[in-house]
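These notes are about the structure you will find just below.
Read the figures in this text as sums done on the coordinates, not as results from a lab. Not measured: the values here are computed from a predicted model. Neighbour counts are summed over all protein chains in view; Cβ atoms, including those assigned to glycine, are modelled from backbone coordinates with ideal geometry.
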Amino acid sequence: MKKIGILFGMENTFPNAFIERVNSKGEDGIIAEAVTIDKVIQAAPSEYAVIIDRISQDVPFYRSFLKNAAISGTAVINNPFWWSADEKFFNNALAEKIGIPVPKTVLLPSKQRPDNTTETSFRNLAFPMAWEEIFQYVGFPAYMKPHDGGGWKSVYRVVNPQDMWIKHEETGQLVMMLQEEIIFDDYVRCYCIGQKDVLVMPYEPRNPHHLRYAADLKAQGEEREKLLETIKDYTLKLNVALGYDFNTVEFAVRNGVPYAIDFCNPAPDADIYSVGRDNFEWVVEAAANMAIERAKTQVPGQINLTWGTFINQAVNGIPAAVAPPTVAAAEPVAAPAKTKAPAKPIKTAEKAPAPTKEAGHSKEASATEVKVKTVTPKKPAKSLGPIATEPIAVAEPAEPKISTTKAAATKAPAKNSKLKKS
């Protein structure tokens with residue numbers, strides 16, 4: 001008997017529906033259940049052929065457990081080793097290398113030095129940095145966000161250099177990136193499952209959370225069809241390059257060009273109350289089919305992880321600038337019809353529009369609205385308390401009154417440094 005397990009946190013609707021869907025298919029020798037962990041011994045195999053990971057981004061213990069399971073043969077979705085190494089700034093760099101449009105983006109050093117470091121630790125960092133060139137490249141308005149974050153945490157819209165420096169004061173030890181703002185005509189969010197199935201969903205990030213999928217594309221006719229095909233192609237290329245089997249990609253469309261905005265979401269929101277019933281049904285079915293397929297091909301004792309073409313090409317000495325091989329496109333997926341809001345809209349405390357929200361943090365509506373049972377592991381862990389996810393609200397600043405040559409996020413090299421101050 002091969003077990004398919006799902007590892008999850010606060011979410012309720014997707015895990016239960018996924019388990020029931022897999023089991024309803026009656027595949028010989030395959031069952032699905034909520035993962036139960038009673039001990040983790042080094043190099044010991046887990047009891048699962050496949051594990052769908054929905055929570056390890058928030059629980060380091062789970063991430064380590066999944067890596068241990070993977071080296072003994074469990075097919076973990078998504079690959080915990082790559083997920084640990086990946087981050088949004090790298091995502092953008094890779095997208096540019098494989099020819100997918102992304103906003104202009106730069107990396108910023110943290111406002112505060114990391115623990116156990118001194119000025120000497122930063123002797124290679126120029127003071128001041130080339131702020132004029134940075135601002136000229138990105139432009140304003142822009143977004144400042146963590147280079148490896150998610151869930152719309154610590155995201156700021158900045159309108160000028162003074163604004164950026166004021167808000168950067170609040171970011172502590174976070175390494176931030178400054179990203180061009182794309183004023184979009186259309187916006188979509190795409191599920192990509194198994195690196196072959198793509199669902200393109202019109203999405204309006206400026207709407208309240210429960211109404212973001214109640215949207216439609218402005219593009220029509222031939223323009224719409226061409227745009228959808230391009231978006232599907234870009235979605236597949238990104239996930240094949242990164243090696244994700246369960247991910248979402250968001251595109252902001254400006255002047256007919258889809259810019260990849262957010263595509264590092266290996267535990268994407270799949271709650272029925274936010275994505276809507278039709279989209280939820282598609283995700284549950286596609287995820288169940290993928291998990292069953294992976295269980296059938298899983299070989300005990302061997303590594304059964306998915307590695308992206310970026311890693312495979314690196315191992316074989318192929319430059320990153322070489323685009324990944326062409327992937328057979330999935331059957332055309334029509335943009336879903338407008339999704340009606342739930343009968344009892346979910347209130348959200350978000351202060352800013354949220355393009356995405358990581359799995360495990362969505363608010364649930366009343367259980368009477370949809371017949372979905374809550375699934376819990378056999379031995380549930382004690383609560384570790386709430387996880388703060390809200391962005392910091394910052395008032396809009398006045399016009400800048402200081403020169404852009406001022407360095408705000410860096411310190412001068414140490415006195416014993418051989419580097420000259422610029």
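Annotations for the structure displayed:
- Compared with the direct C-alpha span, the chain from Glu133 to Glu87 gains 14.1 nm at full extension, assuming 0.36 nm per residue.
- Cβ crowding within 10 Å averaged over residues, with 84-95, 132-143, 236-247 ranked highest first: 236-247, 84-95, 132-143
- Residues Arg254 and Asn23, FRET efficiency given R0 of 51 Å [Cβ-Cβ distance, rounded to 0.05]: 0.70
- Three-way shape call for region 2-85 based on the alpha-carbon gyration tensor, with the a/c threshold at 1.5: oblate
- Amide H within-cut-off set for Asp185, under 5 Å, with H built and near neighbours excluded: Val253, Arg254, Asn255
- Summing charges over neighbours of Tyr137, with a neighbour being any other residue whose Cβ is under 15 Å away from its Cβ, gives -4 when K and R count +1 and D and E count -1.
- Here the peptides 216-227, 182-193 are ranked by packing, the mean other Cβ count within 10 Å, and the order with the highest first is 182-193, 216-227.
- Spin-label zone in region 67-97 - amide nitrogen under 20 Å from a point set 7 Å from the Cα of Trp307 along the C-beta vector: 67-87, 91, 94-95
- Taking all pairs of distinct alpha-carbon atoms in region 63-183, Kirkwood radius in angstrom: 16.5 Å
- For Ile261, the amide hydrogen comes within under 5 Å of the amide hydrogens of Glu250, Phe251, Ala252, counting only partners 5 or more places away or on other chains and with H modelled in the peptide plane.
- Label zone of Leu107 (point 7 Å out along Cα→Cβ, amide N under 12 Å): in region 120-153 this covers 147-148.
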